[in-house]
Structures are given as C-alpha cells and as structure tokens.
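Encoded as structure tokens, the structure appears first; notes follow it.
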Ligand code: MG
Ligand code: MG
C-alpha cells in the first residue's frame, strides 16, 4: 500500500529534507582533491546530529556509515573509508538520509572533484536534467509511468545507459516504502495521489546499463567501468504540484 502523507507529516519531511540539504550544501564546499570519503561521512554525521536528526543510513540493513560515497564507475552504495581519497577529475555521488521526528528525507547529488572532463560534465548535466524531468511529472492525476518515462526520455536523448536494478521509491516513515519507481517505462499505471512522497533518483551510465555488486556486498559499479552519475530528491505530490522536500527551507 502506498500511504499518503498528512500535512503534519509533510512538514516534518520538509524539515528532514532541509537537514539533508544542509549536508549537501557543505559537501559542495568540502569535496576537493585529497579529502577522504570518511572525512565526508564525519562532516555529514556532525551536521545531522547538530540538527537533532538521525542518520537514516547508519545501520540500515547493516550499512556502516551515514552517507554513501560512490566514485566514478561506482553507481550507488559506496562505503566511506579513510583509505579512499577523491582526486582531480573524479565524479562522486553522495547520498544522504536524515530522519527527523520519525520522517525521512533522502537525496543524492553527484559532485565534480576539481576539473572533470567534458564527458563527465555532460553525464552530470543529463542526470540532473533527468531528475527534474521526473519531478515535473510527479503530479496528482499522472501515473508512475509518467515519471519513469520522463527520466528514460532524457537518458535516451543523451545516449546513456539506465541502471535497471535500482530505482526510486516511496519514502516517509522509513526510507524505502512502496512504490518502487523504475527509471524507464514499465507501463505502471498506478495513479499519483495527493500526499504521495517519492524519492526520484535517476542513475545514468556513460556506457551500458549493467551493474554489479562488489565483494563488500554494498558497492554497485558499472560492468564496463565507465562513469555513472546519480541525482535524487524526495518529492511530495500536492494539489499545488510537485514539492521538493530535500532543499533548504526559506
Ligand atoms: Mg538516497
Ligand atoms: Mg533513495
């Protein structure tokens, strides 16, 4: 069952999302060549705790950190480590979750480290564009396939692979609620109703669609080792249109 969030729940999700956005605001500043992914995790943890929230990912199915850090060919679910430092030309996806008074905000962003190639810039631009194209379809009266199709169309336009095994999801009282949201058309005619909260998260690959999970049982990478980008917002369908929860509150 897909649950509809009440006005009060949406207020709390917006607060959780604001804290997630504060983390991203800081990540944007501190991601530079030489910083370790563990340092990024420590900074995220500090911000989440200072804002009286709980890091949603820490301990989720045993995940050992409060952010996921996925570099270059890594798609999602990379584990922060003191031994992993980003370098000039890398692309890093940072996925952040915060729980505030029982409600979750979930958002990922891909960051360029130093100077990246034009190819990487194009991949990032396309994936961000796919995210916003999906968000635009998160409207009462549309169906889930409208979001999936909008994401797919952008990926096809740029000629990028679409990760098939992972996708968006309902979010709220826990990080993963129903429904599952594909990043390509599957014909899902589930109507979008007022109060639905979904994390929309395209993962686009410069090469082929296929991915594989590492021996650590977390890190997902492209099989052809080409770079991947990942952008995600938590969005609520309202009578006034799609509202992004994971941005800074005014
Ligand atoms: Mg996420
Ligand atoms: Mg998510």
Counting pairs of alpha carbon atoms under 8 Å apart in space and at least six apart in sequence, what relative contact order in percent does segment 139-220 give? 39 percent
Rank-order 38-44, 137-143, 126-132 by packing density, defined as the average count of other C-beta atoms within 10 Å over each peptide's residues, highest first. 126-132, 38-44, 137-143
Taking only the Cα positions of segment 138-250, the convex hull volume per residue in Å³ is 126 Å³
To make sure I understand, if each residue's beta carbon is the centre and we count other beta carbons within 10 Å, what order do 221, 6 fall in, fewest to most? 6, 221
Average Cα contact separation per residue, the chain, under 8 Å, 6 or more apart, as relative contact order %: 24 percent
Ranked from fewest to most other Cβ atoms within 10 Å of their own Cβ, 26, 152 fall in the order 26, 152
Based on a Kirkwood Rh over C-alpha pairs, give the Stokes-Einstein translational diffusion coefficient of segment 1-70 at 37 °C and viscosity 0.692 mPa s in µm²/s. 245 µm²/s
Using a simple spin-label model with points 7 Å from Cα along the Cα→Cβ vector, what separation in nm is obtained for residue 213 and residue 46? 3.3 nm
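Over segment 77-150, what is the relative contact order in percent, taking alpha-carbon pairs closer than 8 angstrom and at least six residues apart?
22 percent
Quick one: grab the alpha carbon gyration tensor of segment 44-104, order the square roots of its eigenvalues as a ≥ b ≥ c, and give me rounded if a/c is under 1.5, else prolate or oblate depending on whether a/b is larger than b/c.
Because a/c hits 1.5 or more and a/b exceeds b/c, segment 44-104 counts as prolate.
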Mind ordering 97-109, 168-180 by average Cβ neighbours within 10 Å, highest first? 97-109, 168-180
Ranking of 111, 196, 166 by count of other Cβ atoms within 10 Å, fewest first: 166, 111, 196
Packing-based order for 59-68, 186-195, using average beta carbon neighbours within 10 Å, highest first: 59-68, 186-195
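Classify the chain from the C-alpha gyration tensor, please: rounded if a/c falls under 1.5, else prolate or oblate depending on whether a/b exceeds b/c.
Taking the square roots of the gyration eigenvalues as a ≥ b ≥ c, the chain is oblate.
Every number here is computed from the coordinates shown, using simple stated rules; none is lab data. Nothing here was measured: the structure is a model prediction, and the numbers come from that model. We place every Cβ from the backbone using ideal geometry, glycine too, and count neighbours over all the protein chains shown.
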